Amino acid sequence: MQLKERKYIESFIWAVALCCVYIMPIHSGPSLCFFKWIGFSSCPGCGIGHAIHHALHFEFDLSWQEHVLGIPATVILLMQIAKPFFKYKIQMYGSANAHDVERTAGR
């Protein structure tokens, strides 16, 4: 695998994770939470997972009720998914411009 392809792996993993959170039922079925398995009624991890689920469904009031950091976490994860695509364009076009600036400044 080339280096160029490796930088998209993180974005792919986050995209798959967000798709799973989007489609998972949050109030029915078995829980994947270790703390619920051992008897706790809730945990901060479940709250943020539910909040991200609601934010992805544009239910921002429910997201805020589940966890106050759910909406910011969703935005950050979406930015992490998009970052390599924009970073490549900036490097591809931006480095040429920076090189031209250095070259003309040296004259």
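Values quoted throughout were computed directly from the atomic coordinates according to the rules given, and no laboratory measurement underlies them. Treat the numbers as computed from the prediction; the structure is a model and nothing was measured. Cβ placement follows ideal geometry from the backbone for every residue including glycine, while neighbour counts extend to all protein chains displayed.
A compact table of results
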quantity: For residue 53, net neighbour charge (Lys/Arg +1, Asp/Glu -1) across residues whose Cβ lies under 14 Å away; calculated: -3
quantity: Cβ crowding within 10 Å averaged over residues, with 50-59, 18-27 ranked highest first; calculated: 50-59, 18-27
quantity: Extension reserve of the residue 62-residue 23 stretch, reckoned as 0.36 nm per residue once the Cα distance is removed; calculated: 12.4 nm
quantity: Using a Förster distance of 35 Å, the FRET efficiency for residue 8-residue 41 (Cβ separation, nearest 0.05); calculated: 0.35
quantity: Ordering of 8-17, 74-83 by packing [mean C-beta count within 10 Å, highest first]; calculated: 74-83, 8-17
quantity: Residue-span extension gain [residue 79 to residue 34] - 0.36 nm each, minus C-alpha spacing; calculated: 13.4 nm
